[in-house]
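See structure below.
Every number here is computed from the coordinates shown, using simple stated rules; none is lab data. Keep in mind that what you see is a predicted model, and the values were worked out from it rather than measured. Glycine gets a Cβ as well: all are built from the backbone with ideal geometry, and neighbour counts include every protein chain shown.
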Amino acid sequence: MERMRAIRKMKPGKGMELTETGILKPDYGEVLVNVKACSLCGTDIHIYNWAPPWDTRIKPPRTTGHEVCGDVVEVGGGVKGLQEGDFVSAESHIACNACYQCKMGNLHICRDIKFFGVDIDGTWAEYVVMPEQNAWKNPKDMKPEIATLQESLGNSVYTVSEAGVFGKTVSVFGLGPTGLFAIGLAKAGGASRIMAVGGTELHLKLAKKMGADVLINRHNEDAVKRIMEETDGIGADVLLEMAGSQAAIEQGLKSLKATGKACLLGLPPQKVTVDWSKDIVLKDITIRAIYGRLMFKTWDQTSKLLLSKRIDIEPVITHRLKLEEWEKGIEAAASGQAGKVVMFP
């Protein structure tokens, strides 16, 4: 078996390792992809730290990562829509295509869903095997550092498309990459005013580059008070909650106007407490939970947005690293001193 370099979770506990492992052969319905770029997600930091729920779900050794792009170099039996040389990105959720939700067209919430880098070997490697269904074909001239980000960008596309931001005042809580992408998408979607709430000067500067009109450092001022001031005491029309923290959810709901709409993408690591009566029921708000991407409607929307150049996501990329420099990426992202980290094998 041929060998390749890969970043792997070799044992339970904190840490990962750059090591060698075998290059798998594509099975029926699968393709082998030579990785051109892979990128880091907040989930990867949780996996590095061996945080719940990954500490009970992952069975080491496991190649990590789930954002990727590359060239198809081998196709398995039964593959009809791809051929060697195609440039593809990967949808990270692998659906069973047999459960009730899959049959209803909801592949993204498949009952038996598998996840790259968690349930099967992931994408932080020189090669990755993926089902044909999960390979999204890209234009040949798309930059690898953009192509690998479509999975992450798709989260934001789904969130903003469900929010209905045209002509609306929008608050964005959480300025990690998905929050920064959401700002650019809300701007492209005709939001009248975008208020960005974050905790680092770097992320606030990136939010400005992506189109935010109001920058709020949650460490220096009361985010709820500021948003109410910016909206003449009414509150934001739309809340995009991209952080998944107690404070962001609570403050976002409090600063949302009565009859407003909240789209929630963030995944809190623990239970969250909110004033259900005052901030939800008595305000007659709409809450829309968002998970992943609609497979594959969101991919189509994301691809078209990038091709149309209605949104430029390059400002969000703060680190371009070699695969062997992966620890620098983890450190920067974990410290809040990174936008998107892209690695090149």
>> Only counting other Cβ atoms within 10 Å, I'd like Leu206, Leu18 sorted with the fewest neighbours first.
In response: Leu18, Leu206
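So if R0 is 35 Å, what FRET efficiency would Lys297 and Thr200 give, r being the distance between their Cβ atoms, rounded to the nearest 0.05?
Details: r = 33 Å, r/R0 = 0.95.
The formula returns an efficiency of 0.60 here.
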> So for the pair Leu282, Lys103, with labels modelled 7 Å out along Cα→Cβ, what separation do we get in nm?
Replying inline: 4.5
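Local charge sum around Pro52 (other residues, Cβ-Cβ under 14 Å, Lys/Arg +1, Asp/Glu -1)?
Values: positive: Lys14, Arg57, Lys271; negative: Asp55.
Net charge in that neighbourhood comes out at +2.
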> What are the residues whose amide H is under 5 Å from the amide H of Cys96, where those residues sit 5 or more places off or on another chain and H is modelled from the backbone?
Replying inline: Asp112
>> Taking 0.36 nm per residue of sequence separation and subtracting the Cα-Cα distance, how much length would be gained by fully extending the chain between Lys143 and Asp232, in nm to one decimal?
In response: 27.8 nm
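Taking segment 57-86, which trypsin sites (Lys or Arg not before Pro) meet the DSSP loop condition and have no more than 10 other C-beta atoms within 10 Å? Don't skip to the end; give the middle numbers.
Values: sites: Arg57, Arg62, Lys80; in loops: Lys80.
Here the trypsin sites (Lys or Arg not before Pro) that fit, given the DSSP loop and packing criteria, are Lys80.
Tell me what the chain gives for mean residue ellipticity at 222 nm when only DSSP H runs of n ≥ 4 count, each as -39,500 (n - 2.57), the sum divided by the residue total, rounded to 500 deg cm²/dmol. Can you show the working numbers first?
Numbers: 11 runs with 93 residues, N = 345.
Only helices count here, giving -7500 deg cm²/dmol.
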>> Which one, Gly199, Pro12, Phe173, projects farthest toward the positive side of the charge dipole computed for the chain from Cβ point charges (K/R +1, D/E -1)?
In response: Phe173
> Residue by residue, what Karplus-based ³J(HN,Hα) values in Hz, rounded to whole numbers, does segment 109-121 have, using 6.51, -1.76 and 1.60 with θ = phi - 60° and x for Gly and Pro?
Replying inline: 10, 3, 4, 10, 4, 10, 10, 3, x, 10, 8, 9, 4
> Hey, quick one: spin label on Ala258, modelled 7 Å out along Cα-Cβ, who in segment 266-283 has an amide N within reach, i.e. under 16 Å?
Replying inline: 277-283
> Cα axis of helix 297-308 to longest principal axis of the chain: angle in degrees, 0 to 90, nearest 10?
Replying inline: 80
> Got a sec to turn the phi values of segment 68-73 into Karplus ³J(HN,Hα) couplings, 6.51 cos²θ - 1.76 cosθ + 1.60 with θ = phi - 60°, whole Hz, x for Gly and Pro?
Replying inline: 6, 8, x, 9, 5, 10
> Any idea how far apart Glu17 and Lys209 come out in nm if each label point goes 7 Å out from Cα toward Cβ?
Replying inline: 3.6
> Any idea how far the Cα center of segment 109-188 sits from the one of segment 28-83, in Å?
Replying inline: 14
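Given the pairs Lys208/Lys254; Lys143/Lys304; Lys168/Lys340; Lys187/Lys304; Lys59/Lys114, which are separated by over 20 angstrom at their Cα positions? Before the final figure, lay out the partial values.
On the way: Lys208/Lys254 24 Å; Lys143/Lys304 15 Å; Lys168/Lys340 27 Å; Lys187/Lys304 16 Å; Lys59/Lys114 13 Å.
The pairs that break the limit, which is 20 Å between Cα atoms, are Lys208/Lys254; Lys168/Lys340.
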> Between Asn34 and Asp222, 0.36 nm times their residue separation minus their Cα-Cα distance comes to what?
Replying inline: 62.9 nm
>> Contact order normalised by length for the chain, with contacts defined as Cα pairs under 8 Å and 6 or more residues apart; what percent is it?
In response: 16
> Points 7 angstrom from Cα along the Cβ direction at Lys80 and Glu2: gap in nanometres?
Replying inline: 2.8
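With the contact rule set at Cα under 8 Å and sequence spacing of 6 or more, what percent relative contact order holds for segment 155-289? It would help to have the intermediate numbers written out before the result.
Numbers: 292 pairs, mean separation 32.1, N = 135.
About 24 percent, as a whole number.
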>> Which of Lys208, Lys340 has the fewest other C-beta atoms within 10 Å, and how do the rest follow up to the most?
In response: Lys208, Lys340
>> What translational diffusion coefficient, to the nearest whole µm²/s, does segment 151-195 have by Stokes-Einstein, given a Kirkwood radius computed over alpha-carbon pairs, a temperature of 25 °C and 0.890 mPa s viscosity?
In response: 243
> So what's segment 155-289 giving for Cα Rg divided by 2.2 N^0.38 Å, two decimals?
Replying inline: 0.92
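Need one number: % antiparallel among DSSP beta bridges in the chain, to the nearest 5. Before the final figure, lay out the partial values.
Numbers: 32 of 60 bridges.
Once the DSSP bridges in the chain are tallied, antiparallel ones form about 55 percent.
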> How would you classify segment 63-132 from its alpha-carbon gyration tensor, with a ≥ b ≥ c the square roots of the eigenvalues: rounded for a/c under 1.5, else prolate if a/b is greater than b/c, otherwise oblate?
Replying inline: oblate
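Could you order the peptides 45-55, 159-169 from most to least packed, using the average number of other C-beta atoms within 10 Å per residue? It would help to have the intermediate numbers written out before the result.
Values: 45-55: 16.0, 159-169: 20.1.
Result, highest mean first: 159-169, 45-55.
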